[in-house]
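No lab work stands behind these numbers, since they all come straight from the coordinates. All values reported here derive from a predicted model rather than from experimental measurement. All Cβ positions, glycine included, derive from the backbone under ideal geometry; neighbour counts span all protein chains shown.
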């Protein structure tokens with residue numbers, strides 16, 4: 001058996017071999033080959049061509065700074081390897097949405113004079129007189145703005161003795177390689193991450209906390225230290241021996257600490273002590289009478305809350321529909337059947353709105369629960385019509401679901 005190397009374009013026989021191994025010279029211009037075997041006068045050729053292409057130069061990568069700063073020039077270099085005396089031409093491209101050649105950027109290096117905060121892919125296209133084309137690309141993450149200082153926040157308030165709390169150092173560097181440093185009252189703390197944990201809050205943990213971040217050798221300090229108050233040193237005055245009486249209520253934990261009642265979670269410090277926030281405490285609708293209501297009677301509904309309601313506005317609803325009342329009270333001057341329904345209210349203070357109160361049922365003694373409300377002298381007719389409408393609506397819904 002013998003083998004032939006055939007030009008994949010012209011079909012001409014180029015070489016013969018008894019082993020089936022051929023040596024060819026690779027050039028920058030692609031060439032196509034296929035092989036054939038001859039046995040007992042029968043010749044069979046390979047179905048597909050083999051492409052052979054060599055390069056006299058290669059783009060092996062792009063070097064440059066790993067992090068960029070907004071507005072600060074950054075220089076990239078196209079790293080190449082080539083045969084001796086090979087002349088290399090360069091063209092730089094930038095891709096945000098689509099790749100675009102950068103006019104005039106035909107050198108080995110590219111200087112981005114004023115980087116913007118964006119994702120960008122830079123490509124270096126390499127060509128040679130021999131026909132070689134090669135490229136290397138590099139993608140940079142969001143160019144960081146190193147001018148914005150960090151700040152400190154914590155995960156809960158108020159702080160309670162024995163509680164576990166986490167302070168966080170916020171910066172705009174995302175997943176950039178950042179080094180953190182924490183201080184308390186100017187003394188360095190043993191934490192180099194963006195979080196500082198207080199495992200069990202005690203009075204000694206009160207103080208001014210600050211953090212700094214370092215990126216590419218540049219350090220930014222938090223402008224304003226974050227002050228952690230002494231737990232329990234807030235709220236109304238109390239005596240430890242009488243804490244059960246003086247610090248009772250949902251707005252307090254029941255602890256008398258350092259002569260002050262400790263606010264409970266969800267409570268806010270007010271001028272005269274702690275108060276539950278309207279955002280965490282639903283009000284209650286109550287009536288000015290405890291006896292049954294009668295038709296023709298005058299009644300007042302009150303939107304009551306244990307939260308601080310200084311400067312509050314109120315929203316009243318009846319059967320889910322908003323009513324034109326914005327004060328803490330709603331007056332029913334003369335009870336009629338049109339006043340029957342489920343009443344509820346919400347309270348808004350400083351832009352924070354409470355959950356809705358549980359519905360308060362207004363129903364005079366003459367109207368029992370479950371009984372239709374109507375002024376019709378023949379209520380049986382009104383009920384029949386309502387049932388008929390309900391039945392038709394239900395059947396239409398079933399038909400629609402079947403067709404879908």
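Figures for the structure shown
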{"quantity": "Ranked 48, 209, 325, criterion: other C-beta atoms within 10 Å, fewest first", "calculated": "48, 325, 209"}
{"quantity": "log10 of Debye I(q)/I(0), alpha-carbon scatterers only, for the range 284-362 at 0.11, 0.12, 0.18, 0.19 Å⁻¹", "calculated": "-0.27, -0.32, -0.70, -0.78"}
{"quantity": "Estimated FRET transfer efficiency when R0 is 25 angstrom, pair residue 321-residue 286 (beta carbons, to 0.05)", "calculated": "0.75"}
{"quantity": "Sites residue 352 and residue 137 - FRET efficiency at Förster radius 60 Å, r taken between beta-carbons, to 0.05", "calculated": "0.75"}
{"quantity": "Exposure proxy order (Cβ contacts within 10 Å, fewest to most) of 119, 22", "calculated": "119, 22"}
{"quantity": "Extension reserve of the residue 85-residue 329 stretch, reckoned as 0.36 nm per residue once the Cα distance is removed", "calculated": "78.5 nm"}
{"quantity": "Cα-based convex hull volume of the range 2-52 per residue, rounded to whole Å³", "calculated": "71"}
{"quantity": "Order by protection proxy (mean Cβ within 10 Å, highest first), peptides 288-300, 125-137", "calculated": "125-137, 288-300"}
{"quantity": "Contour excess over end-to-end distance, with Cα ends at residue 337 and residue 365 and 0.36 nm allotted per residue", "calculated": "9.0 nm"}
{"quantity": "Debye intensity ratio I(q)/I(0), log10, the range 67-140, q values 0.17 Å⁻¹ (C-alpha model)", "calculated": "-0.66"}
{"quantity": "Evaluated at q = 0.16 Å⁻¹: base-10 log I(q)/I(0), Debye formula over Cα of the range 1-105", "calculated": "-0.85"}
{"quantity": "Separation of the residue 100 and residue 219 label points, Cα + 7 Å toward Cβ, nm", "calculated": "4.1"}
